[in-house]
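Each reported figure results from applying straightforward, stated rules to the coordinates on display, with no laboratory input. Note that the structure is predicted; figures quoted are calculated from it, not measured. Neighbour counts are summed over all protein chains in view; Cβ atoms, including those assigned to glycine, are modelled from backbone coordinates with ideal geometry.
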Amino acid sequence: MKRIISFIFILCLVGTTMAQGDYEAFRFSQIDYQGTARFMGAGGAFSATGGEFSALSINPAAIGLYKRHEATFTPMSLSFSLNNSMYYGNNSYTQNPKYTVPQVGLVISSHIENSNWNFWHFGFGYNRIMDYNNTFRASGNAQSSMVDVILPHANGRHYNNLTGDALLAWKSWLIDTLPGTTNQYHSPFTDANLKHEALVKRSGAMDEMVFTFGGNYNDKLFVGATLGVPVLSYKEVISYAETATDDETMAKGISSFQTNSTQENSGAGINLKLGVIYQPINFLRLGASFQTPSYFWRIRDSYSRNMISYYTDGNNSGTSSYDNSYRFSLTTPLKFNLSTAFLINKRAFIAAEYDFVDYSMAKLYADDYDFNIENENIVNKYGMCHTFKVGGEINVTSKFVLRAGYNYKTSPYKNFNTNYNATAHTGSVGFGIRTKYVFFDMAYVFRHSNDSFWLYEDNGAFSPDQYQDLINGNSSSTGAIETRNNTHRIVATIGCKF
């Protein structure tokens, strides 16, 4: 988080939308539940259906529907993504294959004799709740430059007092003092026609360790509590370059420059989930759950960055660089879930559920920095996000099961209209082969999502005109890159009951 602290004025070269500090809080607050092939194939709609390990990360009362011990292992989640990034009318495509292991779980069930509490259960394992693996590129021509962000922060500072990107630009001759001054600067890239190119590689995940305890009261009321321990691992590598496309800029000596940055985050948090499922009649179940904010303490953030300019004579400025590490804490928003399931002759179910989260409630903390600006940006930029799920399962025979599901997630950005959004649609189908003791499930999942990010911006501080452009859906005037992502995923799970 050095870009927030030591170099608070530094431009942002990343991300699906906003700037450094507030975007990191938003990024690590997001959830995209993965898990067993059964869970994925039916659209994750198990919060009222129950009897599914991956649902313990949403509604822990799902454990109350178990009648036997169960072990599950999902050894394969194979995904293939195609990203389309549009920047100033130019499309760039990137393909991303990835293999992960998203789930392992064990549920122990204890039958209670001579009691209305028919069963007590304990479950533990992990579910993948966010996958960061992604690679995308963007390119396009524009009369704007990263230098436009650097110059205002360099001006007024003696060249011996420059820091961060301003110092790198000074050392690489990307900026220079005006004649007769020591604290006023100019650049050959100001108001120049430039080709922008960026390559962003992200890797890592958030896996949640779950420790769940629950019970079954008279086959009518099912309750549960989950202690969740999300474990974060994230890495982002960005290469960004600007190249002059007109003779006037080239005649000033510098033809192009490039920056490279690497960010790595790691840490762990803790949260508590409470849930209930009520079955008033044989064919209907109603569910509700609540998750406290996750508190991440002392997330490690390491960051390195370099810059190099290339001259028309074939020489270069040499590489200028800096690196730093920092630790910060994060509180994510609380979450709610409401769900219902209709049971059909013990052969099928149809379920629906609703998730709610307000990303403006995320907060950053540190011992030596107040994060007032970043937390204010969180409140101004992010808002309520709603996710709707439907899914179902049918036993075609006593051993063969078919499943299907659909999810829709609304955009989490406040005030921005539908031309600027981060909506996501997910459809899935699957099947299972189940015997008395062992089972095998597979699912195919297709996800289409939208988002936007900026090649550079002044710590997320949009001008009033830029912000109004975003509200009106005119993101091109701010240098925004619009992205479209299509992901195909195959998931396989094996398990046993005993």
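Here each label is just a point 7 Å from Cα along the line to Cβ, and for S304 and D219 those points are 6.3 nm apart.
How far, in nm, would the chain grow between L402 and N141 when pulled straight, counting 0.36 nm per residue and subtracting the alpha carbon separation?
Full-extension gain reported as 89.0 nm.
Our coupling estimate for the stretch 379-387, obtained by passing each phi through the Karplus curve with A = 6.51, B = -1.76, C = 1.60 and θ = phi - 60°, is 5, 6, 9, 10, x, 6, 10, 10, 10 Hz, Gly and Pro reported as x.
Spin-label pair N282-F122: with each label point 7 Å from Cα along the Cα-Cβ axis, the two points sit 3.5 nm from one another. Ordering Y413, A288, S452 by the projection of their Cα atoms onto the charge dipole of the chain, which places +1 on the Cβ of Lys and Arg and -1 on the Cβ of Asp and Glu, puts A288 at the extreme positive end.
With all projection directions averaged, the alpha carbon convex hull of the stretch 165-256 covers 11.6 nm². Please report, to two decimal places, log10 I(q)/I(0) for the stretch 30-137 at q = 0.16, 0.18, 0.22, 0.23 Å⁻¹ as given by the Debye formula with identical point scatterers on the Cα atoms and no solvent. Here log10 of I(q) over I(0) equals -0.77, -0.89, -1.13, -1.20.
Given a Förster distance of 35 angstrom, what is the FRET efficiency for T312 paired with T181, based on the Cβ-Cβ distance and rounded to 0.05?
0.85
Taken over the C-alpha atoms, the chain has Rg and Dmax values of 25.6, 93 angstrom.
If I model the stretch 219-366 as equal point scatterers sitting on the Cα atoms and use the Debye formula, what is log10 I(q)/I(0) at q = 0.15 Å⁻¹? For the stretch 219-366 at q = 0.15 Å⁻¹, log10 I(q)/I(0) is -0.90.
Given a cut-off of 28 Å, name the pairs among K98/K363; K389/K414; K98/K346; K273/K363; K171/K414; K335/K399 whose C-alpha atoms lie farther apart than that in the structure shown.
Working: K98/K363 31 Å; K389/K414 22 Å; K98/K346 37 Å; K273/K363 20 Å; K171/K414 39 Å; K335/K399 36 Å.
Long pairs (Cα-Cα over 28 Å): K98/K363; K98/K346; K171/K414; K335/K399.
Relative contact order for the chain using alpha-carbon pairs under 8 Å, separation at least 6, rounded to a whole percent?
Averaging sequence separation for qualifying contacts and normalising by length gives 20 percent for the chain.
The simple spin-label model puts a point 7 Å past each Cα toward its Cβ; for H425 and V237 those points are separated by 3.5 nm.
Suppose only helical runs count, i.e. DSSP H with n ≥ 4. What mean residue ellipticity at 222 nm does that imply for the chain under -39500 (n - 2.57) per run, divided by all residues and rounded to the nearest 500 deg cm²/dmol? If you can, show how the numbers build up before the last one.
Values: 7 runs with 52 residues, N = 498.
My calculation for the chain gives -2500 deg cm²/dmol from helical runs alone.
Rounded to the nearest 0.05, what FRET efficiency is calculated for Y295 and F388 with R0 set to 35 Å and r the Cβ-Cβ distance?
Numbers: r = 28 Å, r/R0 = 0.80.
Once rounded, the FRET efficiency stands at 0.80.
Reported to two decimal places, what Rg/Rh ratio describes the stretch 128-196 when computed on Cα atoms with Rh from the Kirkwood expression? Please list the in-between numbers first.
On the way: Rg = 16.2 Å, Rh = 13.8 Å.
Checking Rg against Rh, the ratio lands at 1.17.
Taking a temperature of 20 °C and a viscosity of 1.002 mPa s, what whole-number D in µm²/s does Stokes-Einstein yield for the stretch 318-424 with Rh from Kirkwood over alpha carbon pairs? Before the final figure, lay out the partial values.
Details: Rh = 17.7 Å.
Answer, rounded: 121 µm²/s.
Taking the charge dipole of the chain about its Cα centre, with +1 at Lys and Arg Cβ atoms and -1 at Asp and Glu Cβ atoms, the residue from S302, I150, Y132 reaching farthest to the positive side is Y132.
Treating the stretch 96-145 as a set of equal point scatterers at the Cα positions, no solvent, please give the Debye-formula log₁₀ I(q)/I(0) at q = 0.14, 0.16, 0.20 Å⁻¹. The Cα Debye sum returns log10 ratios of -0.66, -0.74, -0.85.
May I ask you to derive the FRET efficiency for N90 and F211 from their Cβ-Cβ distance with R0 = 45 Å, giving the value to the nearest 0.05? Computed FRET efficiency for N90 and F211 comes out at 0.35. Average 1/r across all pairs of distinct alpha carbons in the stretch 195-241, invert it, and you get the Kirkwood radius: 14.6 Å. Taking 0.36 nm per residue of sequence separation and removing the Cα-Cα distance, the K436/D247 pair yields an extension gain of 60.5 nm.
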